[in-house]
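Down below is the structure, laid out as structure tokens.
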Amino acid sequence: MLLDPDYGKYPFTEVDREARMSQVTVLPLSLELEVTEGQTVMAAAHAAGYVWPTECEMAASCGLCVSIVRAGAEHCGPMPDEERETLERTMGMVDPSRRLACRLTVDGPVTLTKRGVRPAEEG
Ligand code: FES
């Protein structure tokens, strides 16, 4: 029996994690985020050291994190009930091109517009 010379060289969890990364571009900053499966876009921005406009701290209630989906809508995850309710309350409608970054998950490349996203060190 032949053994794979690379067996055990790369942990499967790391390979799996990289395989489940999606690229999200945030305009007008041209910020490139790596978002893991199940992670929200806003959480990925925080992890990368960026501030995303919010008053509710990701509770899906303020609506300030709303972002415009410019490309890759087919890669946006399903809209949870609390996101739908907040969009209806704050915008008066639910439009698939408007998503709350604190609830938005992705499974492929997506481009968003969100003004106010900035590096955390800018205050
Ligand atoms: S951060 Fe408040 S609704 Fe998303």
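Here the simple spin-label model places points 7 Å from the Cα toward Cβ, and for Asp81 and Met21 these points are separated by 3.6 nm. Taking 0.36 nm per residue of sequence separation and removing the Cα-Cα distance, the Thr90/Thr36 pair yields an extension gain of 16.6 nm. Amide hydrogen proximity for Val51: with H placed 1.01 Å from N in the peptide plane, the residues at 5 or more positions away or on another chain lying under 5 Å are Arg118, Ala120. 3J(HN,Hα) along segment 45-52, derived from phi through the Karplus expression 6.51 cos²θ - 1.76 cosθ + 1.60 where θ = phi - 60°, amounts to 5, 4, 5, 8, x, 10, 9, 10 Hz, with x in place of Gly and Pro.
Each reported figure results from applying straightforward, stated rules to the coordinates on display, with no laboratory input. From a predicted model like this one, the values you see are computed outputs, not experimental measurements. For neighbour counting, all protein chains shown are included, and Cβ atoms are generated from backbone atoms with ideal geometry for every residue, glycine included.
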